[in-house]
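Notes for the one structure printed next.
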Amino acid sequence: MTKRALVIAALLVIAASPYAQAGSANVAVAANFTEPACEVAALFKRKTGDDLVLSFGASGPFYTQITQGAPFDVMLSADDIRPKKLEIEGLGVVGSHFTYAIGKLVLWSRVTGLVTGPETLEAAAFNKVAIAKPEAAPYGIAAIETMKALKLYDALEPKIVQGATITQAFQFADTSNAEFGFVALSQVINISGGSRWLVPQTLYTPILQDAVLLSKGAENRVAKAFLAFLKGAEARAVIERYGYGLAEAR
């Protein structure tokens, strides 16, 4: 076979490859979903060859960035309100939002035996408890709702320190800048040691985390394929392994 024929044959093989037309999509990801998102993105990459460019942060600032033209194709929010608003405002594809995960709140400390349950809060024998900024993160709202449901919020308010994101709230507790913090179960589910209280979901409004296809990604093949993948069995298995609840598939 001539050199020219070899080159042509190689090009034909590349063209036939399922990854020949690999593309990418930019995804805004709620901070609590960082680790599962990375795992799901890796699975998606192996299956399709396509890349997901993941950005992590609080849902509130992401929403603001999107309204100001940020180049995201998909948003994985920590709530169900902002994806719906984006659809209403013409910045999301109508009817594309769905609940990809149901978040769970925990009170967590790096110190073994420190957190035993609601009585830890009732005793108030601590200096600081960390939460995510409620204006930016639904887990912060859930933390406040929990303290109010226990009729402890007024007494504990002076001890509250707010992180800009749920990641920062976790860091406060992890570094003992706060004795413990209200964080997402997904952040601590794989951490051995320490102590935690899984907050009953009856104490706070369900944390429905919705995904939405943004208008900028409406014609992006990879963005649409990723959202379909997120609804599938492989992705849902990862999500469930990180302690999230699952909504009925649709």
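Any read-out appearing in this document is the output of simple, stated calculations on the displayed coordinates, not a laboratory observation. The structure displayed is predicted, hence computed values, not measured ones. When we count neighbours, we look across all protein chains shown, and the Cβ atoms used for this are built from the backbone with ideal geometry, even at glycine.
Does region 233-246 contain at least one residue that is closer than 23 Å to residue 140 by Cα, of a type in the set (A, V, I, L, M) and either in contact (Cβ under 8 Å) with a residue 12 or more places away in the chain or not in a helix (DSSP H, G or I) (or both)?
Yes, because at least one residue in region 233-246 is closer than 23 Å to residue 140 by Cα, of a type in the set (A, V, I, L, M) and either in contact (Cβ under 8 Å) with a residue 12 or more places away in the chain or not in a helix (DSSP H, G or I) (or both).
Can you find, within region 170-217, the residue that is surrounded by the fewest Cβ atoms within 10 Å (Cβ to Cβ) among those that are touching a residue at least 60 places away in the same chain (Cβ under 8 Å) and of a type in the set (Phe, Trp, Tyr)?
Result: 197.
Within the bounds of region 147-166, is there any residue that is hydroxyl-bearing (Ser, Thr, Tyr) and under 23 Å from residue 97 (Cα atoms)?
Yes, that holds for at least one residue.
Kindly indicate whether residue 190 is polar (S, T, N, Q) and more than 26 Å from residue 25 (Cα to Cα).
Values: polar (S, T, N, Q): yes; more than 26 Å from residue 25 (Cα to Cα): yes.
Considered against the rule, which asks whether it is polar (S, T, N, Q) and more than 26 Å from residue 25 (Cα to Cα), residue 190 comes out as yes.
Just checking, how many residues over region 204-250 are among the hydroxyl-bearing types (Ser, Thr, Tyr) and farther than 16 Å from residue 99 by Cβ?
The total comes to 2.
Quick one: which strands (runs of 3 or more DSSP E) sit completely within region 96-198 and have at least 1 residues that are within 19 Å of the chain's Cα centre (by Cα) and among the β-branched types (Val, Ile, Thr)? Spell out how you get there, then give the answer.
Values: elements: 98-103, 105-109, 129-132, 160-163, 180-184, 195-198.
Strands (runs of 3 or more DSSP E) meeting the threshold: 98-103, 105-109, 129-132, 180-184.
Assuming residue 116 fulfils every condition listed in (1) surrounded by 17 or more Cβ atoms within 10 Å (Cβ to Cβ); (2) more than 20 Å from residue 82 (Cα to Cα) apart from one, which condition is it?
Looking at each condition in turn, residue 116 falls short on (1).
Give me the residue from region 55-93 that is aliphatic (A, V, I, L, M) and not in a loop (DSSP other than H, G, I, E, B) and, out of that set, surrounded by the fewest Cβ atoms within 10 Å (Cβ to Cβ).
Here the answer is 88.
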